[in-house]
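Asks: The structure that follows is given in the form of structure tokens.
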Amino acid sequence: MKELYLIFALLVYVAVPSGYADALVFDFPPDYPYPGAVGTETTTAVSKDDVSIVAWATGVYDYSPGTNVDAVWQDSTKGLGAAQGTSYEIVCLGRGGSITLEFQQPIMDGSGADFAVFENSFSDSFLELAWVEISSDGVHFVRFPNFSQTPSAVGGFGIVDANKVHGFAGKYRAGYGTPFDLAEIKAAYTTAVNDDSIFPISYSDALVANYEFVDFNQIQYVRIVDVVGDGSQVSALRDPSTGAGFVLYDPFPTVGSAGFDLDAVAVFNQVDPAGLVQSIDFPEIANQRLAKGTLELAATASSGLPVVYTVVSGNATLAGSILTMTGLGPVVVKAEQSGDATYAAATPVSRAFTVADELQHIYMMPLANQLVGALNVQVNAYASSGMPVRLYIDDGPENSLVTEWTHLFSSGSEVGTVTLRASQTGGESAGVTYAPATDVSIRFEVVNDGDRLAALDFVEWQALHNLVGDGSSDSDRDGASDLAEYAAGTDPNRADSVRRNGFEIDASGESYLLTVQVDRRALIELKVETNTELSNTTAWQNVIPELMSSIDLPSEDGAVQELRLRVPILESEQQFWRYNITPANP
């Protein structure tokens, strides 16, 4: 009998998400310190790539953003589907806000954790917390028991120790979810009914009042509610001296993207679908001009059955697949296929876009590789709307930094690859409402002085190749100036070493696509100019192109990239384009 017991325990262990197998018995309050950060022996963190994940949230039932959250972070569909593990593919709840997610197949109480919530923290100690609640009917919600022993206010970017919080979403850094076991709510209910000294009355009363309405094998809704960490709210950890909950603290105040940032909700245990599986293909919808009026939606089901659309939120109406835009602002549309006698219902797919007076885009000039210790290097980034652009470092050496609004980059003391991202969140300028621009990114290296990938200014490059004259010279007579060869990374002494730039009309017929090759060792400024009269040399005008992509090209040193730029087709019989390349300050 002992042998059989050991085998059964092993099966339980391997069937549940990593790091959570032992959390099958619940005591209240739980043992302190609570499970630790990612990588510690006691952690319960679940990787976004955990093989136990069988599904993700499929719909947004309600989104009620709180205060201090910019419009760019209010795309509720970012909380659907698989976790990305990045800083910006999220929906922000704002201070005190909430979001309620739906699941195509109900979550059920199975072995171990039943679902996990993913946040986007950039570290193991910057933890923005949220309460987690579940419901079967979307009306009656019960909250997971939650405990905090953070003793005092932590400030806007203060430290929260994972060992001091339990039962909150946001306990772990980006890419790792906090697991939740429905059995813990059952155990909390039993405790609340039988012992009124464990939980504060505020928690016990709400739990008991709503518990009977919850079917733990038909959980259709998960609600996540931001914790306002200024000490005005309390956890379910009872203070024996007062009977109330202990005060709650997390990073406060924060602005712009205040509060909990939801990446995704993963499911481990769900009710199996009845019928053949089908899926919906619903292409992303670009931001739209209000003046366009209507838009035809184009979702299809793999079963061939008809797709039904619903406007989840926003100023729009539907007639079949034709969406009519009735005002400005964000719009969320959902495509559904409910199945039939053969097929199970498909997972709904939601798409979000913004309706505005005008659209906009961003151009960020390529930046040459930088040396370790570089200070206040100017990064050039512009929005076609003329509104200010914000810069972020998405990846790079730990102590590299960029100023968000003045665009000054400092490399720090370590080598590595830097990815800079530019964002413009939309808004009103000169009486015109602009949609958010699509974020764009550039990449470059931070290297040591003397490294083969270190940038050279134009004069140093000329000396390296034994050249004289100014940038307009064409030393090898191949049709490309020396300055153009410097920018492209070609050999100015070989006529067969040349790169040709590309030009084509895009599929919409409304834009040109330009391609230009740039060496990351060239210290240049790259502008795009247009003219409708080639003979008029003073009529060239600067244009802000849209940076579509930057691709590394095969080369001996891997320093050359190809930029793909989009520019508008003007209402003119003829139109000319050119690149204006000038040496930048070293």
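The values are calculated or read from the model by the stated rules, or taken from the named source; none is laboratory data. Small disclaimer: the values here were computed from a predicted structure and weren't measured. For neighbour counting, all protein chains shown are included, and Cβ atoms are generated from backbone atoms with ideal geometry for every residue, glycine included. Keep in mind that these areas ignore ligands, DNA and RNA; they rest on the heavy atoms of the full protein, side chains included. Shrake-Rupley method; radii C 1.70, N 1.55, O 1.52, S 1.80 Å.
Asks: Angle between the Cα long axis of helix 182-194 and the longest principal axis of the chain, 0 to 90 degrees, nearest 10?
Replies: 40
Asks: Another question, then. Taking a cut-off of 13 Å between Cα atoms, list the aspartates and glutamates near K78, but don't count ones fewer than 8 places away on the same chain.
Replies: Hits, sequence-local ones excluded: E89, E119, D261, D263, E284.
Asks: Enter the accessible area per residue of the chain (Å², integer; probe 1.4 Å; all protein chains in place). Before the final figure, lay out each step's value.
Replies: On the way: 27040 Å² over 586 residues.
Dividing the accessible area of the chain by its residue count gives 46 Å².
Asks: Give me the Å³ per residue figure for the convex hull around the C-alpha atoms of the stretch 400-457.
Replies: 112
Asks: Give me P(r) over the stretch 416-569, computed from all C-alpha to C-alpha distances, binned every 5 Å, as integer percentages.
Replies: Binned Cα distances yield the sequence 2, 8, 13, 17, 19, 16, 13, 7, 4, 2, 1, 0.
Asks: Based on DSSP H runs of at least 4 residues, each adding -39500 (n - 2.57), what is the mean residue ellipticity at 222 nm of the chain after dividing by all its residues, to the nearest 500 deg cm²/dmol?
Replies: On the way: 5 runs with 52 residues, N = 586.
Dividing the helical sum by the residues of the chain leaves -2500 deg cm²/dmol.
Asks: I need the Kirkwood Rh of the stretch 34-109: take the reciprocal of the average 1/r across all distinct C-alpha pairs and report it in angstrom.
Replies: Details: mean 1/r = 0.0695 Å⁻¹.
One decimal place: 14.4 Å for the Kirkwood radius.
Asks: If you don't mind, another one. Going by the alpha-carbon gyration tensor, a ≥ b ≥ c the square roots of its eigenvalues, is the stretch 384-494 rounded (a/c under 1.5) or, if a/c is not under 1.5, prolate (a/b greater than b/c) versus oblate?
Replies: Working: a/c = 3.36, a/b = 1.59, b/c = 2.11.
Here the stretch 384-494 falls in the oblate category.
Asks: Using only the alpha carbons of the stretch 540-586, what is the convex hull's orientation-averaged projected area in square nanometres?
Replies: Values: hull surface 20.8 nm².
In nm², the orientation-averaged hull projection of the stretch 540-586 is 5.2.
Asks: At a probe radius of 1.4 Å, what is the per-residue accessible area of M387, in Å² to the nearest 10?
Replies: For M387, the solvent-accessible surface is approximately 30 Å².
Asks: Same structure, new question: How long are the semi-axes of the equivalent ellipsoid of the stretch 302-419, defined as square roots of 5 times the Cα gyration tensor eigenvalues? Whole Å, largest first.
Replies: Details: eigenvalues 407, 87, 19 Å².
Equivalent ellipsoid of the stretch 302-419: 45, 21, 10 Å, largest first.
Asks: Under the rule a/c < 1.5 gives rounded, and otherwise a/b versus b/c splits prolate from oblate, where does the stretch 225-316 land using the Cα gyration tensor?
Replies: Values: a/c = 4.00, a/b = 1.78, b/c = 2.25.
It is oblate, given that a/c is not under 1.5 and a/b is not larger than b/c.
Asks: Given the C-alpha atoms of the stretch 27-165, compute the convex hull and give its volume per residue in Å³. All intermediate terms of the calculation are to be shown ahead of the outcome.
Replies: Values: hull volume 19.7 nm³, N = 139.
Considering the Cα atoms of the stretch 27-165, their hull volume per residue is 142 Å³.
Asks: Where does each of T44, T300, T582 land when they are ordered by accessible area, with a 1.4 Å probe and the largest first? Numbers along the way, then the final one.
Replies: Values: T44 20, T300 80, T582 55 Å².
Output order, biggest surface exposure first: T300, T582, T44.
Asks: Further question on the same structure: Can you pull the Kirkwood radius for the stretch 509-558, inverse mean 1/r over Cα pairs, to one decimal in Å?
Replies: Working: mean 1/r = 0.0723 Å⁻¹.
The answer is 13.8 Å.
Asks: Moving on to the next point. Using the crude model of +1 on Lys and Arg Cβ and -1 on Asp and Glu Cβ, and no other charge, please compute the dipole size for the chain relative to its Cα centre, in debye to 20.
Replies: 560
Asks: For the pairs K48/K527; K186/K334; K48/K334; K48/K292, note any where the Cα-Cα span goes beyond 32 Å.
Replies: Details: K48/K527 41 Å; K186/K334 34 Å; K48/K334 25 Å; K48/K292 40 Å.
Result: K48/K527; K186/K334; K48/K292 exceed 32 Å.
Asks: How large is Rg over Rh for the chain, taking Rg from the Cα atoms and Rh as the Kirkwood inverse mean of 1/r across Cα pairs? Mind dumping the intermediate values first?
Replies: On the way: Rg = 28.2 Å, Rh = 27.1 Å.
With Rg and the Kirkwood Rh in hand, the quotient comes to 1.04.
Asks: While we're on this one: Dipole size in debye (nearest 20) for the stretch 206-297 around its Cα centre, Lys and Arg Cβ +1, Asp and Glu Cβ -1?
Replies: Numbers: 4 positive and 12 negative charges, 47 e Å.
Once rounded to the nearest 20, the dipole reads 220 debye.
Asks: Provide Rg over Rh for the stretch 348-390; use the alpha carbon set for both Rg and the Kirkwood Rh (inverse mean inverse pair distance). Let's see the in-between values first.
Replies: Working: Rg = 16.6 Å, Rh = 13.9 Å.
Rg/Rh for the stretch 348-390 comes to 1.19.
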